[in-house]
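Okay, structure first, notes after.
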Amino acid sequence: MNVLAMPSTRRSASQRRRAPQIIDAAARVFAERGFHGATTQDIADVLGIRQASLYYYFSSKEAALELVCLKGVEGFFEAAKTAGADVLHEPRVWPEYHPNYYGAFVRDPDGNNVEAVSHRPE
């Protein structure tokens, strides 16, 4: 699952192209203010758009955080591959661990198994 693609038959091509910018803006706001200190208005302000427009991309602040976390797993995976890690498992949902467990697994050049994971409570 590539979170950056945010598949939906209802999203326009321009919305799909803008989705990575929206997620990056949310990540910046969460990093600066923390989840509880951030608002969707803060995210909209960074982007220079109306707050209501964000809901084309995610349904809530919680959903935005989930997308940011999923993107983090994918970013870890790509960086690890670039650094020479062996791919054990590409990013995907692992329901055998937890219904909402999204992870990627690599082996670093020193032979250590490394995992990046994001999961939300049921």
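Computed from the coordinates by the stated procedures, all read-outs in this text should not be read as laboratory data. Bear in mind the structure is a predicted one, so any value in this text is a computation, not a measurement. All Cβ positions, glycine included, derive from the backbone under ideal geometry; neighbour counts span all protein chains shown.
Numbers at a glance
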read-out: Residue, nearest to L67 (Cα to Cα), within segment 77-93, restricted to residues that are assigned to a helix (DSSP H, G or I) and among the charged types (D, E, K, R); value: E78
read-out: Selection from segment 65-98 of residues that are acidic (D, E), more than 11 Å from the chain's Cα centre (by Cα) and surrounded by 13 or more Cβ atoms within 10 Å (Cβ to Cβ); value: D86, E90
read-out: Candidate set from segment 102-117 (those that are in contact with a Lys or Arg (Cβ under 9 Å, 6 or more places away or on another chain) and within 20 Å of E66 (Cβ to Cβ)); member that is surrounded by the fewest Cβ atoms within 10 Å (Cβ to Cβ); value: G103
read-out: Output for segment 99-122, where each listed residue is assigned to a loop (DSSP other than H, G, I, E, B) and either at negative phi or under 12 Å from the mean Cα position of the chain (by Cα) (or both); value: P99, N100, D108, P109, D110, N112, R120, P121, E122
read-out: Subset of segment 17-41 that is closer than 13 Å to L65 by Cβ and among the charged types (D, E, K, R) - its residue that is surrounded by the most Cβ atoms within 10 Å (Cβ to Cβ); value: R28
read-out: Flag if A83 is over 20 Å from F35 (Cα atoms), among the aliphatic types (A, V, I, L, M) and free of Cβ contacts under 8 Å to residues at least 12 places away in the same chain; value: no
read-out: Long-range neighbours under 6 Å by Cβ, at least six apart or interchain, first residue in contact (Cβ under 8 Å) with a residue 24 or more places away in the chain within segment 25-44, second buried (at least 17 other Cβ atoms within 10 Å of the Cβ) and among the basic types (K, R); value: T40/K61
read-out: Hey, E62 loosely packed, with under 13 Cβ neighbours inside 10 Å, of a type outside the set (S, T, N, Q) and in a helix (DSSP H, G or I) or not; value: yes
